[in-house]
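Following: one structure in structure tokens, then a few remarks.
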Amino acid sequence: MSSLVEEDPTAPRKRNTLALTLGILVVLILGFVLFSRVWTDLLWYRSVDAQQVFTIRLFSTVGLFCVFGLLMAVVVLVNMVVALRMRPHGVPAQAGRSSTLSRYRRVMDARTKLFVAVPVIVLGLLAGAGAVSVTDTFLAWLNATPFGTTDPYFNRDISFYVFDLPWWRFVVSQVMWTFIISLVATAVVHFISGATRTSPLRLSSPVEGQAPEIKVSNPFGASAQAHMSVLLGIIMILIGIDQMLGRYAFAYTDNDTLFTGIGYTDDHARITAKLIMAIICLVCAVVFFVNAKLRRWMLPTSAVALAVASSLVVQVAYPGLVWQFDVKPNEPDRERNYIANQISATREAYGVADVEVTDYSATTTVSAGQLIADASALPGIRLMDPQVIAPTFEQLQQVRGYYTFPDVLDVDRYTIDGQETDAIVAVREINTSGLPEENQTWNNVHTVYTHGYAMVGAYGNRRQASGEPEWIERDIPPEGELNQVEPRVYFGENTTDYSIVGTTEGGSAIELDTPGGESGSGETYTTYSGTGGVSVGNYLVRALFAARFGDINLLLSSRVTSESKILYDRTPAERVAKVAPWLTIDQDPYPAVVDGRVVWIIDGYTTSNSYPNSQRVDLSSATSDSTSSWTPVGSESSDVNYIRNSVKAVVDAYDGTVTLYAWDTSDPVLQTWDKVYPGLLHSVDEISDDLKAHLRYPQDLFKAQREILGRYHMTDPMAWYQQSDLWVVPDDPRYDDTKEPPYYLSIKWPEDDAPVFSQTAVYVPRGRENLGAYMAVVADAASPDYGKIRVLRLSDTHQVPGPNQTFNAIQTDEQVQQALLPFTSQGAAEPVYGNLLTLPLGGGLIYVEPIYTQGKATGSYPVLRFIVVRFGDHIGIGDTLQEALDTVFQGDAGVDTGEGSDQTSGGSDEGSSSGTTTGSEAVKAALEAAVAAYDAADEALKAGDLAEYQAQIEIAKQRVEEAQSALG
């Protein structure tokens with residue numbers, strides 16, 4: 001009976017055609033997506049005038065991909081083809097006995113080209129992809145600049161370790177793996193093709209009186225043996241070369257955990273062992289080459305066994321015995337010279353070779369007038385903590401929910417009325433996540449809320465009567481002392497969404513500019529007119545960006561016009577990292593108003609992890625503290641043993657322009673990258689005076705140097721080994737398990753004539769909490785002493801309290817508790833302790849800590865209430881710095897801060913100095929606070945809450961007294 005439904009003979013052909021069509025479509029889509037990424041990147045680099053970075057890296061990447069991919073493909077192809085030509089004719093007997101081998105052989109014979117092409121192409125692509133990751137290594141090697149200094153063991157220039165050795169070790173490793181994989185591929189072809197003997201096992205002819213002996217014969221034929229012998233010989237040569245290069249790698253490896261670099265065991269055992277193994281590998285290679293003719297595997301097998309045994313003896317056992325029985329019992333004597341070389345190299349690599357360490361006999365006793373010689377340093381005592389008052393900025397200057405400030409503000413300095421003052425600054429950035437959820441539409445996020453507005457600044461050493469910051473620059477539009485000609489912020493730390501800006505001539509402005517407008521008017525709108533961004537007027541370019549961002553709205557929206565631009569990759573660190581991928585980026589870009597424009601200043605570091613005999617440091621650990629946590633940007637490495645602040649980068653907040661200034665031109669690493677990307681770096685001579693006034697010593701470099709100096713301030717090898725004077729960074733007393741951060745403030749160093757803007761830190765001895773040392777670096781780039789690091793080493797016999805001891809003493813001090821009681825007794829507010837600053841004053845070290853109070857109601861923010869001072873064991877608290885100082889120094893510190901000993905903070909219109917002033921605003925604010933307290937007392941009395949009533953009455957009395965003092 002015939003089937004009612006006959007099969008369509010064209011069905012398989014249709015399925016094949018459909019599969020082919022789908023395959024081509026997938027390839028085209030993937031190709032378009034890849035092309036969109038490459039082309040839009042090129043457009044981005046053009047927009048920041050850094051096209052050479054894109055083209056040089058692209059050609060280098062493609063070149064490395066092709067060279068190493070072709071190397072793998074060609075070597076594997078040649079060896080597979082040679083193996084195929086060596087295959088025996090006909091079907092070997094053993095192939096006939098194995099159905100699996102027979103099937104593989106038939107496939108190989110029927111589709112030889114496909115059998116060879118697939119693994120060759122796949123292996124070539126994998127090898128090429130692996131080579132792409134060393135683009136920077138290749139470019140640095142190609143343009144290497146000598147350091148002019150040699151290492152003490154191999155007498156090679158430092159550049160050999162930093163630039164040459166990493167590249168050559170990669171090349172040798174890649175070539176070695178190429179031949180190892182070729183060996184495997186060749187063995188597979190020989191096995192499948194049947195180029196083997198009938199049986200690898202046979203019985204020897206029995207001798208009378210003895211049992212038959214089993215002998216093993218090589219399974220491969222004569223040609224196959226010769227082929228594989230040659231490949232094994234080449235591999236042994238490459239292993240030998242790798243062993244030779246490995247000798248130099250001891251200069252930057254951690255071997256016995258004592259330090260990074262060459263130690264006694266390396267010098268007397270491991271380096272020699274590498275040389276011996278290189279010679280043995282060369283001998284093995286000769287044996288394999290000879291075996292290609294002899295084809296007797298006993299000799300090469302024995303040679304390899306000897307090489308393995310020798311490796312275990314000379315590279316494992318012998319160094320272990322030397323360390324265990326010679327070095328370990330006599331470690332200080334054996335390692336002395338190596339420690340000395342390592343200390344010298346480490347101090348040079350981290351730029352701390354010239355650090356001044358001075359013994360400092362800090363006094364802890366107090367007397368009246370003790371600070372008279374240090375009066376000029378008092379204005380540098382910063383009362384506003386950039387970490388604590390971030391919520392205050394949010395509440396008082398955020399203006400709308402779609403603006404935001406960072407969690408930790410920045411410290412800078414400005415010259416106002418002819419006097420330089422420390423300032424707390426932050427940029428008001430756009431934050432579209434602050435919009436109501438229903439308003440977070442594509443048009444709002446990408447075309448309306450496109451930019452933030454203005455930088456906000458407050459005096460670091462002043463406050464208003466209410467305890468709030470006294471503003472240098474505030475509000476929208478900005479008002480104050482900074483003269484922001486262009487306050488719009490299109491590029492910022494928190495600006496991560498792309499924006500579409502610009503419109504056709506005569507078109508309506510749609511970008512929200514000011515939420516309240518000027519003079520009480522409504523919202524105002526603007527159109528971006530900067531040079532930054534990439535034009536998307538071309539429809540094809542729009543399609544490319546739609547593919548890049550996976551957003552079809554770029555093609556469909558009528559707001560994307562012929563005059564539109566797209567702004568993306570908008571964070572300053574991200575932009576600098578793309579323009580200079582060879583830099584390690586400081587984690588704290590900070591804003592400044594320079595020549596009327598808001599700019600971001602970013603410090604860039606040239607680093608290496610292969611500087612010989614220098615101690616390696618994990619930047620992530622060294623630079624993380626209570627205010628920041630280091631995360632790599634781009635291709636950065638956390639592991640370094642050489643660092644220089646070689647570049648000062650500036651990103652314009654309006655048009656996104658990236659400018660790189662070659663700051664440390666003596667750095668060979670910077671010189672190398674300048675040759676790689678010619679024309680990218682600008683001379684420091686092009687830095688304007690206004691910009692230079694805001695450049696500062698970078699915090700991550702200082703933190704790394706602080707980490708190193710904790711041990712490497714000891715230059716005597718025995719002291720270093722015994723760790724007899726080891727310093728550690730104390731924990732931040734305000735937070736658990738986080739290091740205390742360094743602080744920017746102006747200090748007067750002992751014996752100096754005037755204070756200078758500095759970055760400071762303290763140490764405690766390991767395992768103890770008393771102060772061990774005080775460290776500071778001149779942070780003002782305009783100073784001739786910029787970058788000068790000085791350390792005061794405190795006496796071990798006369799202890800000075802450390803930060804945690806001081807913080808504990810402050811918290812438990814009866815005066816402090818009594819002063820805070822009216823604010824905290826009913827639980828309506830809580831104290832917030834500010835940064836515990838340490839300054840060298842009065843022949844000793846003085847601690848100053850601001851104390852804020854913050855209510856628990858929604859929208860509350862910290863306000864400065866008290867200043868606490870500690871000198872030795874003496875603690876004083878006051879509403880003003882003057883009052884606190886006078887309390888500590890027997891009623892008269894010997895300085896006049898301009899506040900008066902019992903005055904409260906005044907208004908900004910009276911010209912405050914290092915804390916607050918008197919005046920009508922102060923009186924008004926104090927009386928208003930008193931009235932509010934009396935009202936609260938009445939409410940508490942009506943509610944029957946006598947404790948709250950009494951607390952509010954005390955507050956009211958205090959505020960009335962403050963008003964009377966302000967009048968006087």
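A short reminder: the numbers here are calculations on the coordinates, not readings from a lab. From a predicted model like this one, the values you see are computed outputs, not experimental measurements. Please note: Cβ atoms are built from the backbone with ideal geometry, for glycine as well, and neighbour counts cover all protein chains shown.
Here are a few things to note about the model shown:
- Using bins of 5 Å that start at zero, the share of Cα-Cα pairs per bin across region 499-567 amounts to 4, 17, 25, 20, 15, 10, 5, 3, 1, in whole %.
- Extension gain, residue 129-residue 737: 0.36 nm per intervening residue step, less the Cα-Cα distance, totals 214.7 nm.
- About the Cα centre, charge dipole magnitude for the chain (Lys/Arg +1, Asp/Glu -1 at Cβ), debye: 8540 debye
- Over the C-alpha trace of region 220-349, radius of gyration and Dmax come out as 19.0, 61 angstrom.
- Proximal aspartates and glutamates relative to residue 328, as straight alpha-carbon distance under 18 Å, when same-chain residues fewer than 8 apart are discounted: 254, 256, 266, 267
- Length released on extending from residue 399 to residue 723, taking residue separation times 0.36 nm less the Cα-Cα span: 111.2 nm
- Average projected area [Cα convex hull, region 234-305], square nanometres: 5.0 nm²
- Legend: calculated FRET efficiency, residue 798 to residue 621, from the Cβ-Cβ distance at R0 = 41 Å, rounded to 0.05, equals 0.80.
- Theoretical FRET efficiency, 1/(1+(r/R0)^6), r = Cβ-Cβ of residue 690 and residue 751, R0 25 Å, to 0.05: 0.20
- Nitroxide proxy distance, nm - points 7 Å out along Cα→Cβ at residue 417 and residue 136: 4.8 nm
- Stokes-Einstein diffusion of region 341-437 at 25 °C, 0.890 mPa s viscosity, Kirkwood radius from Cα pairs, rounded to a whole number: 133 µm²/s.
- Evaluated on region 479-637, the Kirkwood hydrodynamic radius is 18.9 Å, with distances taken between all distinct Cα atoms.
- A viscosity of 1.002 mPa s and a temperature of 20 °C, combined with the Kirkwood radius over C-alpha pairs in the Stokes-Einstein formula, give region 578-794 a diffusion coefficient of 115 µm²/s.
- Placing a pseudo-label 7 Å from each Cα along the Cα-to-Cβ vector at residue 549 and residue 372 gives an inter-label distance of 6.7 nm.
- Between 0 and 90°, nearest 10: helix 271-294 axis offset from the chain longest Cα axis: 30 degrees
- Each Lys and Arg adds +1 at its Cβ and each Asp and Glu adds -1 at its Cβ; summed about the Cα centre, region 578-794 shows a dipole of about 440 debye.
- Panel values: region 660-722, Kirkwood radius from alpha carbon pairs, Stokes-Einstein at 4 °C and 1.567 mPa s, translational diffusion coefficient 88 µm²/s.
- Prolate/oblate/rounded label for region 697-852 (Cα gyration tensor, a/c 1.5): prolate
- With the simple spin-label model, which puts each label point 7 Å out from Cα in the Cβ direction, the residue 106 to residue 486 separation comes to 7.5 nm.
- Förster-model FRET efficiency, 22 Å R0, residue 785 and residue 344, C-beta, rounded to 0.05: 0.35
- The chain: angle of helix 539-549 to the longest principal axis, Cα-based, in degrees nearest 10: 90 degrees
- Stretch gain in nm, segment residue 356-residue 510, where the contour uses 0.36 nm per residue and the Cα spacing is subtracted: 49.6 nm
- log10 of Debye I(q)/I(0), alpha-carbon scatterers only, for the chain at 0.05, 0.08, 0.09 Å⁻¹: -0.45, -0.94, -1.09
- Greater than 24 Å apart at Cα, pairs in 675/788; 703/788; 692/748; 692/788; 739/856; 578/788: 675/788; 739/856; 578/788
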